[in-house]
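A quick write-up on the structure given underneath.
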Amino acid sequence: MTDVSQKKAALVTGASSGIGEATVRALAADGWKVFAVARRADRLAELEKETGAVALPADISEDDDVSRLVSQVAEAGGIDTLVNIAGGARGADTIGSASTGDWEWMYRVNVLGTMKLIKAFLPILRANGEGTVLNLTSTAGLAAYEGGGGYNAAKFAQRALTEALRLEEAEHNVRVIEVAPGLVQTEEFALNRLGDRQAADKVYQGVEKPLTAGDVADVVRYAVTAPHHVNLDQIVIRPVAQASNYKLIRKA
C-alpha cells in the first residue's frame, strides 16, 4: 500500500474528547503530524504523551487564540488539512421555551468557531496547493426535529458554510468535505446537552449498536487520506438502527 500520509499534517479541533480525540489518534496512528486543539490543556497533554500529537490549547471562538494558533502552526511547518470537529449542543427545549444563551453558545462554537478557523488557515491551505478542509456537521443539519431547533439551526448554518466554501475554494484546489454523523455515543455529547447523566443515558437506551467516536474517526481518516482529486462532498453516517432522524430502533 502506498503511504499516502507521507508529509501529511493536520490540525484537529475538539481534540480533548469524543470524535475529535479519536480523529487525532486515527491520523497519528497513520503517521500524520497532528496538531490537537481544544480548551482543556490537561487532556491535550495526555493525548500528546500517548500519540505524539502536538497539543495546542485554545478556544477557537476567541480571535486572539485563533491568531496564536496560526502562528504556532506556521512556525512548525504548516498544515495541508484542517479538521473542524469542535462543536456541540445545549438543551432540548422547544423554540417557544428556548434559551437565548444556549442558542448563542451553539452558534458561536459550531458556526463562528468553524468560520474563524477556516478564514485564518485558508492562506496556508491555498499555499500548500493541495489543501483540505473537513467540517463535522450532523444529521441535525439535514432535517429538523422537535426540541432540536437551536442545534438544527447551528448545524444547518454550518452545512451552508461548508457548501459555500466548496464553491469558493475549488479554484484554489482546496477540497471541502462534510461528514454528518447521526447517533454517536460518546462520553460527553448528550451529557453536555442535557446536563444530567440519567437523561443522557436515555438517549442511547435500547439501541444495540450506536456509532462510536472511533467509527466516525475512521470515516474522517478515509476522507482526508483519499487522493486529493477525490472530493467526498458529503458523507452521512448513521448506525443501522437509525434509519432517519425520526426512526430509531430500540430494543427492550
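Hey, does region 133-145 have a residue that's in contact with a helix residue (DSSP H, G or I) (Cβ under 9 Å, 6 or more places away or on another chain), more than 18 Å from ALA89 (Cα to Cα) and either of a type in the set (Gly, Ala, Ser) or surrounded by fewer than 22 Cβ atoms within 10 Å (Cβ to Cβ) (or both)?
No - not one qualifying residue is present in region 133-145.
Restricting attention to region 211-225, which residues are outside any helix (DSSP H, G or I) and surrounded by fewer than 21 Cβ atoms within 10 Å (Cβ to Cβ)?
THR212
State which residue is surrounded by the fewest Cβ atoms within 10 Å (Cβ to Cβ) when the search covers only region 65-93 and only residues that are of a type in the set (A, V, I, L, M) and in a helix (DSSP H, G or I).
ALA74
Confirm whether LEU27 is of a type outside the set (Lys, Arg) and surrounded by 24 or more Cβ atoms within 10 Å (Cβ to Cβ).
Values: of a type outside the set (Lys, Arg): yes; surrounded by 24 or more Cβ atoms within 10 Å (Cβ to Cβ): yes.
Yes; evaluated as a whole, the condition is true for this residue.
Working only within region 172-210, note down all residues that are open to solvent by 20 Å² or more (accessible area, probe 1.4 Å) and among the β-branched types (Val, Ile, Thr).
Once the filter is applied, which keeps residues that are open to solvent by 20 Å² or more (accessible area, probe 1.4 Å) and among the β-branched types (Val, Ile, Thr), region 172-210 yields THR186, VAL203.
Is it the case that region 105-120 has a residue that's surrounded by 18 or more Cβ atoms within 10 Å (Cβ to Cβ), of a type outside the set (Asp, Glu) and in contact with a His (Cβ under 8 Å, 6 or more places away or on another chain)?
No - not one qualifying residue is present in region 105-120.
Read through the list (1) open to solvent by 20 Å² or more (accessible area, probe 1.4 Å); (2) in contact (Cβ under 8 Å) with a residue 40 or more places away in the chain, then give the number of the only condition that GLU62 fails.
(2) is the only condition that GLU62 fails.
Looking at ILE85, ILE79, can you tell me which residue is in contact with a strand residue (DSSP E or B) (Cβ under 6 Å, 6 or more places away or on another chain), under 22 Å from ALA140 (Cα atoms) and in contact (Cβ under 8 Å) with a residue 60 or more places away in the chain?
ILE85
Among the numbered criteria (1) in a helix (DSSP H, G or I); (2) farther than 17 Å from ILE235 by Cβ; (3) touching an Asp or Glu at 6+ places or on another chain (Cβ under 9 Å), which single criterion is violated by ARG159?
Unmet for ARG159, out of (1) in a helix (DSSP H, G or I); (2) farther than 17 Å from ILE235 by Cβ; (3) touching an Asp or Glu at 6+ places or on another chain (Cβ under 9 Å): (2).
Kindly list the number of the only condition in (1) part of a loop (DSSP other than H, G, I, E, B); (2) farther than 14 Å from VAL133 by Cβ; (3) open to solvent by less than 30 Å² (accessible area, probe 1.4 Å) that fails for HIS228.
Against the list (1) part of a loop (DSSP other than H, G, I, E, B); (2) farther than 14 Å from VAL133 by Cβ; (3) open to solvent by less than 30 Å² (accessible area, probe 1.4 Å), HIS228 comes up short only on (2).
Being more than 18 Å from the chain's Cα centre (by Cα) and more than 23 Å from ASP218 (Cβ to Cβ) narrows it down to one residue among ALA160, ALA154, ALA164, ALA127; which is it?
ALA127 is the lone residue from the list that is more than 18 Å from the chain's Cα centre (by Cα) and more than 23 Å from ASP218 (Cβ to Cβ).
The values are calculated or read from the model by the stated rules, or taken from the named source; none is laboratory data. Not measured: the values here are computed from a predicted model. Counting neighbours? That spans all protein chains shown, and the Cβs are built from the backbone with ideal geometry, glycine included. In case anyone asks, the SASA skips ligands and DNA or RNA and just uses the protein heavy atoms, side chains included. Shrake-Rupley method; radii C 1.70, N 1.55, O 1.52, S 1.80 Å.
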